[in-house]
1. May I ask you to list pairs of residues, at least six apart or on different chains, whose Cβ atoms are under 8 Å apart, with the first in the stretch 253-282 being in contact (Cβ under 8 Å) with a residue 24 or more places away in the chain and the second being in a loop (DSSP other than H, G, I, E, B) and among the acidic types (Asp, Glu)?
2. Tally up the residues in the stretch 182-206 that are modelled with pLDDT of 85 or more, under 14 Å from the mean Cα position of the chain (by Cα) and not hydrophobic (A, V, I, L, M, F, W, C), please.
3. Among residues belonging to the stretch 182-208 that are part of a helix (DSSP H, G or I) and of a type outside the set (A, V, I, L, M, F, W, C), point out the one that is surrounded by the fewest Cβ atoms within 10 Å (Cβ to Cβ).
4. Which one is farthest from Glu200 (Cα to Cα) among residues in the stretch 244-266 that are of a type in the set (A, V, I, L, M, F, W, C) and in contact with an Asp or Glu (Cβ under 8 Å, 6 or more places away or on another chain)?
5. Only one of these conditions is not met by Ser253: (1) surrounded by fewer than 17 Cβ atoms within 10 Å (Cβ to Cβ); (2) not in a helix (DSSP H, G or I). Which number is it?
6. Could you please find all residues in the stretch 217-237 being surrounded by fewer than 22 Cβ atoms within 10 Å (Cβ to Cβ), within 18 Å of Ala178 (Cα to Cα) and either over 19 Å from the mean Cα position of the chain (by Cα) or at pLDDT below 90 (or both)?
7. When the stretch 209-241 is examined, which residues are found to be among the basic types (Lys, Arg) and outside any helix (DSSP H, G or I)?
8. Of everything in the stretch 264-282, what is touching a Lys or Arg at 6+ places or on another chain (Cβ under 6 Å) and modelled with pLDDT of 90 or more? Give them in sequence order.
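The values are calculated or read from the model by the stated rules, or taken from the named source; none is laboratory data. This structure is a prediction, so every number in the text was calculated from the model and none was measured. Every residue, glycine as well, gets a Cβ built from its backbone with ideal geometry; the counts of neighbours run over all protein chains shown.
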Amino acid sequence: MTPQPRRDAARRFAALVEADRAEIVSRCEGAPPEAGEVLDDVVAGVRDGAGRGGGRTLSECFARWAARRLRDDPGLAEPFATALAALNESLERRHVARTRQEERRRIARELHDRLGEELTVALRRIELRSLMGGSGSDAAEQAIVGAMDRLREITSELVLEPVTDLREALREHVVAVADPRLRLWVAGEGDHAPPEVLTEAFFVLRQAVRNAIAHGDASRIVVEVDVGTRLLRGRVSDDGRGFTGEPGVGITSMRERAESVGGTVTIEGGRGTCVELRVPLC
């Protein structure tokens, strides 16, 4: 790696660590108090190492710096390992989220390019037959138009940008749905939750709202979210007929999304339905 790309990589790495610093340090509870300071040293060490010449790669610079730092002060081994373990966990979660996003984009392209084109051709054939005096099927045309609308909706959801403001994302969804039964309350600023957690939380809560609207037969649907320093908690409750039967695709998807960021989804039926999402943030 040449000096300039190495410096660019170091800056990206340092920016990532600094952006996640509060989260990473919070995960070091119970570790020696120097853990946060060691994390600062990690950033500085990467920057310093990448700025040197000699043809070293970024990883080589970092490894040499780490060995020298620990040789000077062996007592830092435990906080150093703790901070790096938390850092690796944060980086891994970001990598998984980025991979999921890339896969969604790929699927969206496939749906648009293949299925979208086939539906368009089928619709044009029906329209042409009708113009030529043939027995065009209104029902078939309506079905294809409906399928195309749904396809556009699915592809737009698949390429949704990561959520950084959960309150605003939910507010926009409530406005778009325009259902007078919906009520929304959000507490906390969301600064303690990384974008991948906020994104999956949004998908889970949105699906819960859709289920309540489509199947709950409710007169009131309440969405409550609290983003604390250690826990993101979301709840969608309604006064409808209650959840019965086996979980469908929507509920399974909600649980899988929650689990992907270390969270859980629980559903309670009876007098209405309550869907609760809980994601630990530390």
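1. What qualifies is Arg271/Asp239; Gly272/Asp239; Cys282/Glu29.
2. Selection size over the stretch 182-206: 3.
3. Within the stretch 182-208, the match that is surrounded by the fewest Cβ atoms within 10 Å (Cβ to Cβ) is Pro195.
4. Val265
5. Here Ser253 clears every test but (2).
6. Asp217, Ala218, Ser219, Arg220, Val222, Ser237
7. Listed by number, the residues that qualify are Arg220, Arg230, Arg233, Arg235, Arg241.
8. Correct list: Thr264, Val265, Glu276, Arg278.
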